[in-house]
1. When the residues of the range 255-283 are filtered to those that are of a type outside the set (Asp, Glu) and in a loop (DSSP other than H, G, I, E, B), which remaining residue is modelled with the lowest pLDDT?
2. Would you check which residues across the range 133-173 are over 20 Å from the mean Cα position of the chain (by Cα) and on the phi > 0 side of the Ramachandran plot and list them?
3. For Val228, which of the numbered conditions (1) within 15 Å of the chain's Cα centre (by Cα); (2) farther than 16 Å from Leu174 by Cα fails to hold?
4. Hey, among Asp32, Asp28, which residue is assigned to a loop (DSSP other than H, G, I, E, B), modelled with pLDDT of 55 or more and either loosely packed, with under 11 Cβ neighbours inside 10 Å or not assigned by TED's automatic domain parsing to the domain that holds Asp277 (or both)?
5. Among the residues of the range 233-240, are any under 21 Å from Arg127 (Cα atoms) and hydrophobic (A, V, I, L, M, F, W, C)?
6. Give the residues of the range 241-265 that are over 24 Å from Thr216 (Cβ atoms) and in contact with a strand residue (DSSP E or B) (Cβ under 6 Å, 6 or more places away or on another chain), sorted by residue number.
7. Within the range 155-180, which residues are in contact with a Gly (Cβ under 8 Å, 6 or more places away or on another chain) and either free of Cβ contacts under 8 Å to residues at least 12 places away in the same chain or surrounded by 15 or more Cβ atoms within 10 Å (Cβ to Cβ) (or both)?
8. When the residues of the range 190-249 are filtered to those that are part of a loop (DSSP other than H, G, I, E, B) and β-branched (Val, Ile, Thr), which remaining residue is surrounded by the fewest Cβ atoms within 10 Å (Cβ to Cβ)?
Amino acid sequence: MLLFPQFILHAQKTVTVHGEYTYVVPGDESLDKAKVTALERAKISILADTFGTVVGATSTIAVATENGSSDISQFTLGESSVKGEWIETIGEPEYHIQYSDTGLVINVKVRGKAREIVSAGVDVRARILRNGTDDRFEAADFKDGDDLYLSFSSPVSGYLGVYLFDGTENVYCLLPYRNQNESIFRTEAGRRYLFFSSDDTQGAVNPDVVDEYVMTCSGRTELNRIYVIFSPREFYKADDRHSGDAALPRTLSFEDFSRWLSSCRSRDDRMCVEIRDITVSKK
(Lines give C-alpha, C1' and ligand atoms only; values in the text may rest on other atoms or scores of the structure.)
Protein backbone atom coordinates (compact mmCIF):
# COMPACT_ATOMS: atom_id res chain seq x y z
CA MET A 1 0.00 0.00 0.00
CA LEU A 2 2.91 2.36 0.63
CA LEU A 3 5.05 1.41 -2.34
CA PHE A 4 2.45 2.05 -5.03
CA PRO A 5 2.05 5.84 -4.59
CA GLN A 6 5.81 6.21 -4.14
CA PHE A 7 6.33 4.50 -7.51
CA ILE A 8 3.87 6.82 -9.23
CA LEU A 9 5.57 9.92 -7.83
CA HIS A 10 8.97 8.67 -8.89
CA ALA A 11 7.76 7.84 -12.42
CA GLN A 12 6.44 11.38 -12.94
CA LYS A 13 9.57 13.13 -11.66
CA THR A 14 11.08 15.69 -14.00
CA VAL A 15 14.82 16.04 -14.41
CA THR A 16 16.99 18.81 -15.79
CA VAL A 17 18.76 17.81 -19.01
CA HIS A 18 21.09 19.51 -21.46
CA GLY A 19 23.04 18.76 -24.59
CA GLU A 20 23.84 19.87 -28.10
CA TYR A 21 23.33 18.79 -31.69
CA THR A 22 25.03 19.67 -34.98
CA TYR A 23 22.81 19.83 -38.05
CA VAL A 24 24.05 19.94 -41.63
CA VAL A 25 21.38 21.94 -43.45
CA PRO A 26 20.06 20.74 -46.82
CA GLY A 27 20.52 23.26 -49.61
CA ASP A 28 16.79 23.96 -50.05
CA GLU A 29 16.00 24.64 -46.37
CA SER A 30 15.69 28.19 -45.06
CA LEU A 31 17.74 29.32 -42.07
CA ASP A 32 14.69 29.83 -39.84
CA LYS A 33 13.34 26.38 -40.60
CA ALA A 34 16.79 24.84 -40.19
CA LYS A 35 17.09 26.32 -36.69
CA VAL A 36 13.75 24.76 -35.75
CA THR A 37 14.89 21.40 -37.15
CA ALA A 38 18.22 21.57 -35.32
CA LEU A 39 16.53 22.39 -32.01
CA GLU A 40 13.99 19.57 -32.28
CA ARG A 41 16.71 17.07 -33.19
CA ALA A 42 18.73 18.24 -30.20
CA LYS A 43 15.77 17.64 -27.89
CA ILE A 44 15.17 14.14 -29.29
CA SER A 45 18.86 13.27 -29.02
CA ILE A 46 18.98 14.45 -25.41
CA LEU A 47 15.85 12.44 -24.55
CA ALA A 48 17.34 9.35 -26.18
CA ASP A 49 20.63 9.76 -24.29
CA THR A 50 18.79 10.30 -20.99
CA PHE A 51 15.94 7.81 -21.13
CA GLY A 52 16.82 5.43 -23.96
CA THR A 53 14.68 4.32 -26.88
CA VAL A 54 11.60 2.14 -27.20
CA VAL A 55 12.64 -1.32 -28.37
CA GLY A 56 10.64 -2.45 -31.38
CA ALA A 57 8.79 0.82 -31.78
CA THR A 58 7.63 1.80 -35.25
CA SER A 59 8.58 5.38 -35.94
CA THR A 60 9.94 7.70 -38.57
CA ILE A 61 12.71 8.60 -36.13
CA ALA A 62 15.75 6.32 -36.26
CA VAL A 63 17.90 6.69 -33.16
CA ALA A 64 21.19 4.77 -33.10
CA THR A 65 23.05 4.48 -29.80
CA GLU A 66 26.77 3.82 -29.65
CA ASN A 67 29.14 4.32 -26.71
CA GLY A 68 26.45 6.09 -24.73
CA SER A 69 25.73 8.63 -27.47
CA SER A 70 22.71 8.80 -29.75
CA ASP A 71 22.56 9.79 -33.41
CA ILE A 72 19.44 10.49 -35.47
CA SER A 73 19.37 9.46 -39.11
CA GLN A 74 15.80 10.56 -39.83
CA PHE A 75 13.64 13.24 -38.32
CA THR A 76 10.09 14.07 -37.43
CA LEU A 77 8.66 16.42 -34.82
CA GLY A 78 7.13 13.47 -33.05
CA GLU A 79 9.03 11.99 -30.11
CA SER A 80 7.44 8.54 -30.04
CA SER A 81 10.66 6.53 -30.45
CA VAL A 82 12.29 7.79 -27.27
CA LYS A 83 11.22 6.92 -23.74
CA GLY A 84 11.03 10.51 -22.57
CA GLU A 85 9.22 13.76 -23.29
CA TRP A 86 10.42 17.35 -23.29
CA ILE A 87 8.51 19.39 -20.71
CA GLU A 88 10.11 22.84 -20.76
CA THR A 89 13.06 24.68 -22.28
CA ILE A 90 15.17 26.58 -19.76
CA GLY A 91 16.54 29.85 -21.06
CA GLU A 92 17.29 30.47 -24.72
CA PRO A 93 18.93 27.85 -26.95
CA GLU A 94 22.44 28.79 -28.09
CA TYR A 95 23.00 28.62 -31.85
CA HIS A 96 26.37 28.60 -33.59
CA ILE A 97 26.03 28.96 -37.36
CA GLN A 98 28.87 28.48 -39.80
CA TYR A 99 29.56 27.53 -43.38
CA SER A 100 31.65 24.51 -44.38
CA ASP A 101 32.48 22.62 -47.54
CA THR A 102 29.19 20.74 -47.16
CA GLY A 103 27.14 23.92 -46.76
CA LEU A 104 25.42 25.56 -43.79
CA VAL A 105 26.02 23.90 -40.41
CA ILE A 106 24.08 24.72 -37.23
CA ASN A 107 25.18 23.68 -33.75
CA VAL A 108 22.60 24.22 -31.03
CA LYS A 109 22.95 23.84 -27.27
CA VAL A 110 19.77 23.57 -25.21
CA ARG A 111 18.81 23.00 -21.59
CA GLY A 112 15.42 21.96 -20.28
CA LYS A 113 13.21 19.79 -18.11
CA ALA A 114 12.10 16.32 -19.20
CA ARG A 115 10.52 13.18 -17.78
CA GLU A 116 10.46 9.52 -18.59
CA ILE A 117 7.46 8.09 -20.43
CA VAL A 118 6.18 5.25 -18.25
CA SER A 119 2.79 4.56 -19.85
CA ALA A 120 1.23 4.53 -23.30
CA GLY A 121 -0.11 7.90 -24.38
CA VAL A 122 -3.44 8.64 -26.01
CA ASP A 123 -3.35 8.07 -29.77
CA VAL A 124 -4.87 11.38 -30.88
CA ARG A 125 -5.07 12.42 -34.53
CA ALA A 126 -4.56 16.08 -35.30
CA ARG A 127 -4.23 17.28 -38.87
CA ILE A 128 -3.59 20.82 -40.10
CA LEU A 129 -5.63 21.36 -43.27
CA ARG A 130 -5.16 23.94 -46.04
CA ASN A 131 -8.05 25.21 -48.19
CA GLY A 132 -10.18 22.12 -47.59
CA THR A 133 -11.96 20.32 -44.78
CA ASP A 134 -11.14 16.70 -45.70
CA ASP A 135 -8.06 15.07 -44.24
CA ARG A 136 -6.56 14.78 -47.73
CA PHE A 137 -5.92 18.54 -47.52
CA GLU A 138 -3.36 18.08 -44.74
CA ALA A 139 -0.41 20.41 -45.32
CA ALA A 140 2.51 22.15 -43.63
CA ASP A 141 3.20 24.81 -46.29
CA PHE A 142 0.74 27.68 -46.68
CA LYS A 143 0.53 30.68 -48.96
CA ASP A 144 -0.60 34.13 -47.93
CA GLY A 145 -4.42 34.05 -48.02
CA ASP A 146 -4.85 30.28 -47.52
CA ASP A 147 -7.59 29.03 -45.18
CA LEU A 148 -6.59 27.10 -42.07
CA TYR A 149 -8.59 24.19 -40.62
CA LEU A 150 -7.91 21.53 -38.03
CA SER A 151 -9.34 18.03 -37.83
CA PHE A 152 -9.09 16.13 -34.56
CA SER A 153 -10.15 12.80 -33.09
CA SER A 154 -9.29 10.77 -30.02
CA PRO A 155 -10.20 7.24 -28.86
CA VAL A 156 -11.11 8.62 -25.41
CA SER A 157 -13.19 11.57 -24.29
CA GLY A 158 -11.29 14.52 -22.94
CA TYR A 159 -10.39 18.18 -23.12
CA LEU A 160 -8.73 20.10 -25.94
CA GLY A 161 -6.96 23.40 -26.39
CA VAL A 162 -5.23 24.77 -29.51
CA TYR A 163 -2.65 27.56 -29.62
CA LEU A 164 -0.57 29.20 -32.35
CA PHE A 165 2.89 30.67 -31.77
CA ASP A 166 3.78 33.28 -34.40
CA GLY A 167 7.54 32.83 -34.03
CA THR A 168 8.09 36.16 -32.27
CA GLU A 169 6.60 36.89 -28.85
CA ASN A 170 2.90 36.16 -29.30
CA VAL A 171 0.86 33.03 -28.69
CA TYR A 172 -2.79 33.02 -29.81
CA CYS A 173 -5.56 30.86 -28.36
CA LEU A 174 -7.38 29.34 -31.34
CA LEU A 175 -9.53 26.97 -29.27
CA PRO A 176 -11.71 27.49 -27.26
CA TYR A 177 -13.17 30.07 -29.62
CA ARG A 178 -13.19 33.71 -28.56
CA ASN A 179 -16.93 33.82 -27.84
CA GLN A 180 -17.19 30.49 -26.06
CA ASN A 181 -17.95 30.64 -22.35
CA GLU A 182 -16.17 27.37 -21.61
CA SER A 183 -12.59 27.52 -20.38
CA ILE A 184 -11.63 24.49 -22.48
CA PHE A 185 -13.19 22.44 -25.31
CA ARG A 186 -14.73 19.10 -24.33
CA THR A 187 -14.45 16.28 -26.91
CA GLU A 188 -16.15 12.91 -27.22
CA ALA A 189 -14.39 9.62 -27.87
CA GLY A 190 -14.25 8.40 -31.48
CA ARG A 191 -15.72 11.57 -32.99
CA ARG A 192 -14.02 13.54 -35.76
CA TYR A 193 -14.04 17.26 -35.10
CA LEU A 194 -13.44 19.96 -37.68
CA PHE A 195 -12.41 23.33 -36.30
CA PHE A 196 -12.32 26.85 -37.77
CA SER A 197 -15.16 26.22 -40.25
CA SER A 198 -18.62 27.61 -39.48
CA ASP A 199 -20.07 25.63 -42.40
CA ASP A 200 -19.14 22.22 -41.03
CA THR A 201 -19.42 22.20 -37.23
CA GLN A 202 -21.27 18.84 -37.23
CA GLY A 203 -23.32 20.04 -34.28
CA ALA A 204 -20.29 20.21 -32.00
CA VAL A 205 -20.65 23.94 -31.44
CA ASN A 206 -22.90 26.84 -32.41
CA PRO A 207 -21.71 28.09 -35.84
CA ASP A 208 -22.07 31.70 -34.61
CA VAL A 209 -19.15 31.32 -32.19
CA VAL A 210 -16.74 29.71 -34.67
CA ASP A 211 -13.62 31.69 -35.53
CA GLU A 212 -12.34 31.20 -39.09
CA TYR A 213 -8.71 31.85 -39.97
CA VAL A 214 -6.84 32.99 -43.06
CA MET A 215 -3.06 32.71 -42.89
CA THR A 216 -1.17 35.91 -43.69
CA CYS A 217 2.48 36.67 -44.28
CA SER A 218 4.14 40.08 -43.97
CA GLY A 219 7.60 38.87 -44.98
CA ARG A 220 8.82 36.47 -47.61
CA THR A 221 8.36 33.39 -45.43
CA GLU A 222 7.18 33.05 -41.84
CA LEU A 223 7.19 30.09 -39.46
CA ASN A 224 4.28 29.33 -37.17
CA ARG A 225 3.94 26.57 -34.58
CA ILE A 226 0.58 25.09 -33.64
CA TYR A 227 0.14 23.32 -30.30
CA VAL A 228 -2.72 20.81 -30.05
CA ILE A 229 -3.09 20.03 -26.33
CA PHE A 230 -5.31 17.16 -25.19
CA SER A 231 -5.90 15.30 -21.95
CA PRO A 232 -8.51 12.85 -20.63
CA ARG A 233 -8.29 14.93 -17.44
CA GLU A 234 -9.86 18.36 -17.25
CA PHE A 235 -7.54 21.35 -17.49
CA TYR A 236 -8.08 25.03 -18.15
CA LYS A 237 -6.76 27.31 -20.85
CA ALA A 238 -3.99 29.79 -20.20
CA ASP A 239 -4.77 33.23 -18.85
CA ASP A 240 -4.93 35.04 -22.18
CA ARG A 241 -6.28 38.47 -23.06
CA HIS A 242 -8.14 40.09 -25.94
CA SER A 243 -5.56 41.84 -28.09
CA GLY A 244 -7.71 44.88 -28.88
CA ASP A 245 -7.92 43.83 -32.54
CA ALA A 246 -11.31 42.24 -33.19
CA ALA A 247 -9.81 40.17 -36.01
CA LEU A 248 -7.25 38.47 -33.76
CA PRO A 249 -7.72 35.67 -31.20
CA ARG A 250 -6.97 36.10 -27.50
CA THR A 251 -3.25 36.33 -26.88
CA LEU A 252 -0.50 35.96 -24.28
CA SER A 253 3.27 36.10 -24.32
CA PHE A 254 5.31 33.07 -25.29
CA GLU A 255 6.95 33.16 -21.86
CA ASP A 256 3.60 33.00 -20.06
CA PHE A 257 2.37 30.29 -22.40
CA SER A 258 5.48 28.18 -21.84
CA ARG A 259 5.14 28.55 -18.08
CA TRP A 260 1.47 27.52 -18.22
CA LEU A 261 2.11 24.52 -20.47
CA SER A 262 5.02 23.33 -18.35
CA SER A 263 2.84 23.51 -15.23
CA CYS A 264 0.03 21.57 -16.92
CA ARG A 265 2.34 18.83 -18.17
CA SER A 266 4.10 18.52 -14.83
CA ARG A 267 0.77 17.89 -13.12
CA ASP A 268 -0.75 15.63 -15.78
CA ASP A 269 1.25 12.68 -17.12
CA ARG A 270 -1.58 11.82 -19.52
CA MET A 271 -1.52 15.18 -21.28
CA CYS A 272 -0.64 14.89 -24.97
CA VAL A 273 0.93 17.82 -26.83
CA GLU A 274 0.98 17.52 -30.61
CA ILE A 275 3.20 20.14 -32.28
CA ARG A 276 2.80 21.10 -35.93
CA ASP A 277 5.15 23.58 -37.61
CA ILE A 278 3.81 25.35 -40.69
CA THR A 279 5.36 27.86 -43.04
CA VAL A 280 3.48 30.78 -44.61
CA SER A 281 4.99 32.44 -47.67
CA LYS A 282 4.05 35.04 -50.22
CA LYS A 283 2.31 33.83 -53.36
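The values are calculated or read from the model by the stated rules, or taken from the named source; none is laboratory data. All of these numbers come straight from a predicted model, not from anything done at the bench. As a convention, Cβ positions derive from the backbone with ideal geometry for all residues, glycine included, and neighbour counts pool all protein chains shown.
1. Lys283
2. Within the range 133-173, Gly145 is the sole residue that qualifies.
3. (2)
4. Answer to the selection: Asp28.
5. No, the range 233-240 contains no residue that is under 21 Å from Arg127 (Cα atoms) and hydrophobic (A, V, I, L, M, F, W, C).
6. Ser262, Arg265
7. Cys173, Leu175, Pro176
8. Residue satisfying both the conditions and the ranking: Thr216.
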